[in-house]
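The values are calculated or read from the model by the stated rules, or taken from the named source; none is laboratory data. Remember, predicted model here, so these are calculated numbers, not experimental data. Note that we place each Cβ from the backbone using ideal geometry, even for glycine, and neighbour counts take in every protein chain shown. Heavy atoms of the whole protein, side chains included, go into the accessibility calculation; ligands, DNA and RNA do not. Shrake-Rupley method; radii C 1.70, N 1.55, O 1.52, S 1.80 Å.
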Amino acid sequence: MSRDRTTETAPAGAVSAAAPASAFAAVDIGASSGRVILGRVHADSDRSVELEVVHRFPNGVVEIDGGLRWDFNALFAEVLEGLRAAATVAAVQGERVASIGIDTWAVDYGLVNAAGELTAQPFSYRDDRSRAAVEPVHRKLDPARLYATTGLQFLQFNTIYQLATEPDLDGLQALLIPDLIAFLLTGQRRTEATNASTTGLFDAVAGEWATEFFTALGLRKDLFPPLVQPGDTVGRLLPDIAAQVGLPQDTRVVAVGSHDTASAVAAVPAQAEDFAYISSGTWSLVGLELKHPVLTEASREANFTNERGVDGTIRYLRNMGGLWLLSECQRTWAQEGFQLELTALLGAAAALPPGGPQVNADDPYFIAPDNMPDRIRAAVRRTGEVLPNDPAAITRCIMDSLAAGYARTIRDAERLANRSVEVVHVVGGGSQNRLLCQLTADATGKMVIAGPVEATALGNVLVQARAAGVVDGGLTRLRTLVAAGTSLEQYEPSNTLSEQH
């Protein structure tokens, strides 16, 4: 178990000296790592938010039974370990854990039988199995019809295509990964709406399952459990789980924005309605927050998605390549004996002149784990340019490619949604990447505000706190709390590169 304080704390002097009566446990799991975090909303006039990481653990795809899967049994064991740590830390502080909220990545699911048993380790979206299912699904449901109802960006690993590969779903129920964790904690089967909106089986306007699509694909209408919204109570801890982790049986599991991007966007510290956001991590989620989906043919052709956000908002975005490219390069270099420290690597990349080669960071060619430096250099060769086999040059190519992609995506979103924004908020791990943030400001010609790093955990905790009555108000109020308690960095465009490349 590891324990450390995050940087997302209130400014000096804003935190009450008295310990808060309750804390909120955020289970936040990404594609490469997970954490259990205790969040405290202090009872002072500013109601500042403090986060404490009480447990960290690795995550990643593994090859099981001939496919790329998640070792869910190990993952759930880490969740229990994290909740034990949360119970211990809270007890030492004289606190109670008021509730638990869970967020993870989207689209993947586990299949559970009538006895509540997981039938197999869940497939990862990085497995290539669903590629062959795309055409058969589209023969039954025209892509234009799919988009006009779901508003969902086409990705070959969307849940709808994964389900089409399943040989037998008779008697089984599909639980998205955060819902599967919640089920094992509470015994209650529910589907949280922000994650449901990523399946390709969700009506973007009605906010309900698109049952006609289930029928067209031969799927049972109860394949997924009933929907719940962020802030709803999923259930309370099962007696044996409560005993294992040292928490009371009446500890609630509360639905949050269980798609981690939904929680992250809820914590964007925006002070105005018109802003763009980049949730920057393994993937980059780039877009706008809207009140209504954009379901036009032009939007479909541009491959934008309309996913549900907290409080019924629409996350109008494009799912882009992200820092996965760099982390995979680092993994390859380490295997080759080059242990390259990230700060030095980015510094060397920043020292290189602008205008170098770029790749399409969204290319499916980069999805699966493999020798990423070689793949990036091969992609550059296909453009007619040459990229040296040098870590700094490859890193600069990745950063330039991401920034250029962000700029294109934001311009497209503004055009398609008929909106104009002046500021771009970067949250998540990429907000610490000074080179990427500056290149993004340069490429977009807009001010970039970076932070918080822990946006996902903050959104998770604040939705729980609001459900408990500790805070009130809508997203504007939650975002004000985030802005008040976070150190943000601003990047002004040093030159406008938006017309280049």
query = When you scan the stretch 222-231, how many residues do you find that are in contact with a helix residue (DSSP H, G or I) (Cβ under 8 Å, 6 or more places away or on another chain), more than 12 Å from Ile100 (Cα to Cα) and open to solvent by 20 Å² or more (accessible area, probe 1.4 Å)?
reply = 3
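Each row is one residue, and each column tells you yes or no for (1) among the small types (Gly, Ala, Ser); (2) under 19 Å from Trp105 (Cβ atoms).
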{"residue": "Ala302", "(1), (2)": "yes, no"}
{"residue": "Asn306", "(1), (2)": "no, yes"}
{"residue": "Gly321", "(1), (2)": "yes, yes"}
{"residue": "Gly355", "(1), (2)": "yes, no"}
request  = Check off (1) farther than 30 Å from Val482 by Cα; (2) open to solvent by less than 10 Å² (accessible area, probe 1.4 Å) for Thr211 and give me the number that stays unchecked.
outcome  = (2)
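Tell me which residues, restricted to the stretch 442-475, are without any contact (Cβ under 8 Å) to a residue 24 or more places away in the chain and touching a helix residue (DSSP H, G or I) at 6+ places or on another chain (Cβ under 9 Å). So that I can check it myself, show each step before the final result.
Just the residues of the stretch 442-475 that are without any contact (Cβ under 8 Å) to a residue 24 or more places away in the chain, to begin with: 469, 472-473.
Those that are without any contact (Cβ under 8 Å) to a residue 24 or more places away in the chain and touching a helix residue (DSSP H, G or I) at 6+ places or on another chain (Cβ under 9 Å): Asp472, Gly473.
Within the stretch 233-256, is there a residue that is within 21 Å of the chain's Cα centre (by Cα) and open to solvent by 40 Å² or more (accessible area, probe 1.4 Å)? Break it down stepwise before answering.
Kept after step one, since they are within 21 Å of the chain's Cα centre (by Cα), are these residues of the stretch 233-256: 234, 253-256.
With open to solvent by 40 Å² or more (accessible area, probe 1.4 Å) added as a condition, the list becomes none.
No, because not a single residue in the stretch 233-256 is within 21 Å of the chain's Cα centre (by Cα) and open to solvent by 40 Å² or more (accessible area, probe 1.4 Å).
Per-residue answers, yes or no, for (1) of a type in the set (D, E, K, R); (2) in the same structural domain as Ala74 (by the TED database); (3) closer than 21 Å to Gly67 by Cβ:
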site: Arg129; (1), (2), (3): yes, yes, yes
site: Val137; (1), (2), (3): no, yes, yes
site: Leu141; (1), (2), (3): no, yes, no
site: Tyr147; (1), (2), (3): no, yes, no
site: Gln153; (1), (2), (3): no, yes, no
site: Ala174; (1), (2), (3): no, yes, yes
site: Leu184; (1), (2), (3): no, yes, no
site: Ala210; (1), (2), (3): no, yes, no
remark   = When the stretch 275-315 is checked residue by residue, the ones that are of a type outside the set (A, V, I, L, M, F, W, C), at pLDDT 95 or above, farther than 23 Å from Pro452 by Cβ and open to solvent by 10 Å² or more (accessible area, probe 1.4 Å) are Lys291, His292, Pro293, Thr296, Glu297, Arg300, Glu301, Gly312
ask   = Just one of the numbered conditions (1) at pLDDT 95 or above; (2) surrounded by fewer than 17 Cβ atoms within 10 Å (Cβ to Cβ); (3) aliphatic (A, V, I, L, M) is not true of Ala266; which one?
value = (2)
message = Of the conditions (1) open to solvent by less than 30 Å² (accessible area, probe 1.4 Å); (2) more than 25 Å from Trp283 (Cβ to Cβ); (3) part of a loop (DSSP other than H, G, I, E, B), Gly94 satisfies every one except a single condition; which number is it?
response = (1)
remark   = Apart from one, (1) open to solvent by 50 Å² or more (accessible area, probe 1.4 Å); (2) β-branched (Val, Ile, Thr); (3) in contact with a helix residue (DSSP H, G or I) (Cβ under 7 Å, 6 or more places away or on another chain) all hold for Thr343; the odd one out is (3)
request  = Return yes or no: is Thr194 out of contact with any Cys (no Cβ under 9 Å at 6 or more places or on another chain), buried (at least 19 other Cβ atoms within 10 Å of the Cβ), in a helix (DSSP H, G or I) and not assigned by the TED database to the domain that holds Gly110?
outcome  = no
query = Condition test on Arg331, is it touching a strand residue (DSSP E or B) at 6+ places or on another chain (Cβ under 6 Å), within 19 Å of Thr282 (Cβ to Cβ) and in the same structural domain as Ser284 (by the TED database)?
reply = no
